[in-house]
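The values are calculated or read from the model by the stated rules, or taken from the named source; none is laboratory data. The structure displayed is predicted, hence computed values, not measured ones. Reconstructed Cβ throughout: ideal geometry from the backbone, glycine too, with neighbour counts over all protein chains shown.
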Amino acid sequence: MANYLPILVFILVAVLFLAASLIAARLLRDAGMGRTNREPYECGNEPETLALDHRFSIRYYLIAVLFVIFDVETVFLFPWAVMFDQLALFGFIEMMIFIAILVVGYIYVWKRGALNWA
Amino acid sequence: MMESVLELLGPELYYGALTPALKIAVLLFVGILPVITYLVLAERKILGYIQVRLGPNRVGPWGLLQPIADVMKLLVKEDVIPNRAIRWAFILAPCLVVGPAFVIFAVIPVGPPAAEPGGLDLFITDVNVGLLFIVAMATIAVYGLIIGGWSSNSKFSLLGGLRSAAQMISYEVPQGFALVAALLLAGSMSMVGIVEAQKAAGVWFVFPQFLGFFIYFVAGVAESNRNPFDLPEAESELVAGYHTEYSGMRFALFFLGEYANMIVISAVAVTLYFGGWYRPFPNVEALSFLDFPFLPAGLVAVFWFAVKVFAFLFVYIWFRGTFPRYRFDQLMDLGWKWMIPLALLNIFLTALFKLVL
């Protein structure tokens, strides 16, 4: 675990750096122009509605779900790749079966049009 | 004096916390931050020459003081928090982009481990899951962008944040697959181990892993939201994307995060595919003059690492001067329909190649 202590130190340094730069900016910054300057930007008009009241495309959710599926796959592949020399042929065949199952799902998703944007 | 400090703290804290803290300070304030500030100037200069103009040339000779003027300007600018924003998230978001990008440097080796015990390792730490740590840390930036876009409560920001989140997670999949193929060759996730494996193999992994490197780097450009994949901040349609509402120092932090991410992607590419801190062809005796034997070995190692990273940074800027921006559906198609099958094929071929040999 001693190897991880420097990472903790680095996180601490990063937090200190961020805090210091934001505090320095707070001390030095211009006072500002008042209320109208703090309206959300909308090409000069006062916004009629808030952005968070609007709905947006379902495809963003779809992409997120697909990402989770494929990223879990990556997590399985990492240790397999490192141990490949020991696993040899058995590991190779096993992982190829696993990837083949994933590819079947991938083709299904593609044919259903989930990968088409617009 | 150092002995008494060592006695006071005990060896664990001395070698685990104080020595790394000094190295981190040097890395951050002599390495990363100056490189980022002058990378911005270099980018503007190179883009200028690509477009047959001069670039910044008013502040100081050859515009050399321009970055300092920029930083001063950003520090004293009004720091707007929109009145309908979610305040705590608005403040947190830029920190989530910059912080992890810095922390990744903890596991990137700029030079070899110390030759004799007690000497100076030219990296902050070497953990046995180094690459996994980098992938994990790099993912946190997605939260920064989407929280920034969401909490601004502005329509441009929201759309920009969603876009960048979709883009970054889409390209993370092929990037992860490309890294798996490199790991197959290296047989280790430690960054030092990967570099040593390349020296042992006698060849940079970019040669057997050309396809993997190509996928990694294209996905890396997309991950760092740079041209031609800079849709999240496409000026022509989204004003500035997720950072539309940001100004002053908080905007500067987003900016810093983007450039720090460029350096991270370049540094990982150098470590994984281009032999890290070793000179080109480290096993060929005839080229040993490239080790500059009259200089300290550590300095030469850092020199070669820096040269390779700067070459990548130049490619980034070159891209920006050359390619027009992708359309969003093209971007998604490239990621999901081309890069993922190619990356899976690459894993298959690499594993087969290792099995046969």
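Take B:F281 and decide whether it is outside any helix (DSSP H, G or I), without any contact (Cβ under 8 Å) to a residue 40 or more places away in the chain and either loosely packed, with under 15 Cβ neighbours inside 10 Å or not assigned by TED's automatic domain parsing to the domain that holds B:F210 (or both). Against the criterion (outside any helix (DSSP H, G or I), without any contact (Cβ under 8 Å) to a residue 40 or more places away in the chain and either loosely packed, with under 15 Cβ neighbours inside 10 Å or not assigned by TED's automatic domain parsing to the domain that holds B:F210 (or both)), B:F281 does not qualify.
Applying the criterion of being at positive phi and assigned to a helix (DSSP H, G or I) to the residues of segment B:237-250, the residue that is farthest from the other protein chains (Cβ to nearest Cβ) is B:G241.
Exactly one residue out of B:A93, B:A21, B:A69 is of a type in the set (G, A, S), surrounded by 19 or more Cβ atoms within 10 Å (Cβ to Cβ) and either under 27 Å from A:N37 (Cα atoms) or within 14 Å of chain A (Cβ to nearest Cβ) (or both), and it is B:A93. Taken together, the criteria exclude B:A286 from residues that are of a type in the set (A, V, I, L, M, F, W, C), in contact with a helix residue (DSSP H, G or I) (Cβ under 7 Å, 6 or more places away or on another chain) and either at pLDDT below 75 or within 30 Å of A:L28 (Cβ to Cβ) (or both).
If you check B:L272, B:L253, B:L183 for being under 28 Å from A:A20 (Cα atoms) and either free of Cβ contacts under 8 Å to residues at least 60 places away in the same chain or in a helix (DSSP H, G or I) (or both), only one passes: B:L253.
Of the residues making up segment B:146-162, none is within 30 Å of B:L345 (Cβ to Cβ) and assigned to a helix (DSSP H, G or I). Just one of (1) at the interface with another protein chain (Cβ under 8 Å from one of its Cβ atoms); (2) surrounded by 14 or more Cβ atoms within 10 Å (Cβ to Cβ) trips up A:A2, so point out which. Going through (1) at the interface with another protein chain (Cβ under 8 Å from one of its Cβ atoms); (2) surrounded by 14 or more Cβ atoms within 10 Å (Cβ to Cβ) one by one, A:A2 breaks only (2). Annotation note: Cβ proximity below 9 Å between a residue of segment A:77-90 that is within 12 Å of B:A186 (Cβ to Cβ) and a residue that is surrounded by fewer than 16 Cβ atoms within 10 Å (Cβ to Cβ) (sequence gap 6+ or interchain) occurs for A:F84/B:L355. Of all residues in segment B:159-172, none are crowded, with 22+ Cβ neighbours inside 10 Å, over 30 Å from A:H54 (Cβ atoms) and under 20 Å from the mean Cα position of the chain (by Cα). Within segment B:96-126, being at the interface with chain A (Cβ under 7 Å from one of its Cβ atoms) and either within 17 Å of the chain's Cα centre (by Cα) or under 23 Å from A:L18 (Cβ atoms) (or both) holds for B:V98, B:G99, B:F102, B:V103, B:A106, B:I124, B:T125. Every test in (1) more than 14 Å from B:A222 (Cα to Cα); (2) crowded, with 21+ Cβ neighbours inside 10 Å; (3) within 19 Å of the chain's Cα centre (by Cα); (4) not acidic (D, E) is passed by B:R250 save one, and that test is (3). Among the residues of segment A:43-84, which ones are among the charged types (D, E, K, R) and either under 30 Å from A:G105 (Cα atoms) or within 7 Å of another protein chain (Cβ to nearest Cβ) (or both)? Within segment A:43-84, A:R55, A:R59, A:D71, A:E73 qualify. Consider segment A:19-32 and keep the residues that are hydrophobic (A, V, I, L, M, F, W, C) and at the interface with chain B (Cβ under 7 Å from one of its Cβ atoms). The one that is surrounded by the fewest Cβ atoms within 10 Å (Cβ to Cβ) is A:A24.
Here B:S288 passes the criteria (1) part of a helix (DSSP H, G or I); (2) touching a residue at least 40 places away in the same chain (Cβ under 8 Å) except the one numbered (2).
Selection of segment B:80-90 for residues being in contact with a Pro (Cβ under 9 Å, 6 or more places away or on another chain), within 16 Å of B:G161 (Cβ to Cβ) and within 10 Å of another protein chain (Cβ to nearest Cβ) yields B:P82, B:R84, B:A85. Out of B:G149, B:G55, B:G63, one residue alone is buried (at least 22 other Cβ atoms within 10 Å of the Cβ) and of a type in the set (G, A, S). It is B:G149. Among the residues that make up segment A:8-18, is at least one of them at the interface with chain B (Cβ under 7 Å from one of its Cβ atoms) and not in a helix (DSSP H, G or I)? Scanning segment A:8-18 turns up no residue that is at the interface with chain B (Cβ under 7 Å from one of its Cβ atoms) and not in a helix (DSSP H, G or I).
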